[in-house]
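Here the structure comes first, spelled out in structure tokens, and everything after it is commentary.
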Amino acid sequence: TTANPTGEDAIVVRQPEDKVASEVWLIGQRIRELLAKETILDPETKRVRPITPGDIAILSRAKRIHSVIAEQFAKLNLPVMV
């Protein structure tokens, strides 16, 4: 961790150098942002609520990317089911 300009601790996570891993890492970063501050209308309760990991799905054409997703999401502390 390191102090950011506001004086709070920030977790620094380095972006991987491999292109596919880097793209997956960016997707993971965006998901972290969504989970931190976005809301959705729950279709069952008809109420607005925070987004949860179960609301998000990633589709890929190739199975070989699944291990990259699992690896990069683990680094970002994001739950994943492959």
TODO: Place the peptides 31-37, 59-65, 47-53 in order of packing, highest mean first, counting for every residue the other Cβ atoms within 10 Å and averaging per peptide.
DONE: 31-37, 47-53, 59-65
Task: ILE40 long-range amide H proximity, modeled H, under 5 Å - done: ARG49, ILE51
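No value in this document is a laboratory result; all are computed from the given coordinates. None of these values were measured; they are calculated from a predicted model. A quick note on method: Cβ atoms are made from the backbone with ideal geometry, for glycine too, and the neighbour counts reach across all protein chains shown.
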